[in-house]
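Enquirer: Below you will find the structure I want to go over with you.
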Amino acid sequence: FSFLGSGQVQQEPWAETTEGTAISINCSHPNVQENTNIQWYRQLPDRAPHHIVTGFTGDKAVRVPPGRLRVAADRRSSALWLSRPRRGDTAVYYCALGD
């Protein structure tokens, strides 16, 4: 599906893993502007979306859920890596562009 922020992003419609097995959730944002942040949110069942991390370049630790945000060198894609997902991390994960 696509989620429209200040620019268009594309995400995989579905990703799954088993409890405790790391997973990478990928996002493509080929038209990202040079000064635009990359935002990630997650929406737990029956809850509003919640901001989890902002990235710009490189690697950044994510506290909840535990993992890392990795932004490609050309900034045209990013990946949210969850190191040991639990059942409680089952959610819709969104990326978006902007501040």
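The values are calculated or read from the model by the stated rules, or taken from the named source; none is laboratory data. Nothing here was measured: the structure is a model prediction, and the numbers come from that model. Methodologically, a virtual Cβ is constructed for each residue, glycine included, from the backbone with ideal geometry; neighbour enumeration extends over all protein chains shown. For accessibility, only protein heavy atoms count, side chains too; no ligands or nucleic acids. Shrake-Rupley method; radii C 1.70, N 1.55, O 1.52, S 1.80 Å.
Enquirer: State all residues of the range 53-69 that are polar (S, T, N, Q) and more than 11 Å from the chain's Cα centre (by Cα); if no residue qualifies, say none.
Expert: Result: Thr57, single match.
Enquirer: Now, a different point. Mind checking whether some residue in the range 32-43 is open to solvent by less than 70 Å² (accessible area, probe 1.4 Å), of a type outside the set (Val, Ile, Thr) and at positive phi?
Expert: Within the range 32-43 (the criterion being open to solvent by less than 70 Å² (accessible area, probe 1.4 Å), of a type outside the set (Val, Ile, Thr) and at positive phi), the answer is no, since none of the residues qualifies.
Enquirer: I'm trying to understand the selection: among the residues of the range 20-31, which are part of a strand (DSSP E or B) and buried (at least 19 other Cβ atoms within 10 Å of the Cβ)?
Expert: Ile25, Cys27
Enquirer: Out of the range 46-99, which residues are touching a residue at least 60 places away in the same chain (Cβ under 8 Å), of a type in the set (Ser, Thr, Tyr) and surrounded by fewer than 17 Cβ atoms within 10 Å (Cβ to Cβ)?
Expert: Matches in the range 46-99: Ser83 only.
Enquirer: With the checklist (1) modelled with pLDDT under 95; (2) exposed (fewer than 12 other Cβ atoms within 10 Å of the Cβ); (3) part of a strand (DSSP E or B) in hand, flag the one item Gln10 doesn't pass.
Expert: (2)
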